[in-house]
Amino acid sequence: MKKIVALLPMKGTSEREPNKNLKLFNGKLLYHYVMNELLKSKYIEFVVKNYVPQLDSYRITLTYPTLLNCKESIVLIKGEEKERIFNEILKGEGENYPITKLLSSNINWIIGN
């Protein structure tokens, strides 16, 4: 049976519906319903469920082996703090940031304002 890698992208903000991913629906955060179905699937691998204390919730994260075996990755960098970190990484000074483990893979960096 062929397995696939799943990614659950979510923005922290939304212009049409602010904080939509943090809204409760039948007592659970809205994105829980999608995430729980992904976690139950027998077709998905290389996905980790992480607890996020500040959200009192879980999120799905792709593992390093999955990301390193991707043909291509896209990383969006948005905001002054993220751009500062990105510049540290480019200078070889950001070894404490998890993204540095992916530098050997084919990454396309998108820097937004």
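Close amide-amide hydrogen proximity is noted between Lys28 and no other residue 5 or more places distant or on a separate chain, at a cut-off under 5 Å (H modeled in the peptide plane; Pro and chain starts excluded).
Around the amide H of Thr63, modelled in the peptide plane, lie the amide H atoms of Val48, all under 5 Å away and 5 or more residues distant in sequence or on another chain. Label sites at Glu72 and Lys91, each approximated as a point 7 angstrom past Cα along Cα to Cβ, lie 3.1 nm apart.
Restricting the calculation to Cα atoms, region 67-112 yields a radius of gyration followed by a Dmax of 10.5, 30 Å.
What is the extension gain from Ser57 to Leu102, computed as 0.36 nm multiplied by their sequence separation minus the C-alpha to C-alpha distance, in nm to one decimal? If you can, show how the numbers build up before the last one.
Values: separation 45, 0.36 × 45 = 16.20 nm, distance 2.59 nm.
Extra length available between Ser57 and Leu102 comes to 13.6 nm.
Ordering Ile74, Thr63, Ile110 by the projection of their Cα atoms onto the charge dipole of region 47-113, which places +1 on the Cβ of Lys and Arg and -1 on the Cβ of Asp and Glu, puts Thr63 at the extreme positive end. Here the Karplus relation 6.51 cos²θ - 1.76 cosθ + 1.60, evaluated at θ = phi - 60°, turns the backbone of region 78-88 into coupling constants of 9, x, 4, 5, 5, 5, 4, 5, 4, 5, 4 Hz, with x for every Gly and Pro. Backbone amide hydrogens, once placed in the peptide plane, bring Gly94 within less than 5 Å of Ile89, excluding anything fewer than 5 places away on its chain. For the residue pairs Lys42/Lys78; Lys42/Lys101; Lys49/Lys101, alpha carbon separations beyond 31 Å are given by Lys42/Lys78.
No value in this document is a laboratory result; all are computed from the given coordinates. Note that the structure is a prediction, hence the values are computed from the model and not measured. Note that we place each Cβ from the backbone using ideal geometry, even for glycine, and neighbour counts take in every protein chain shown.
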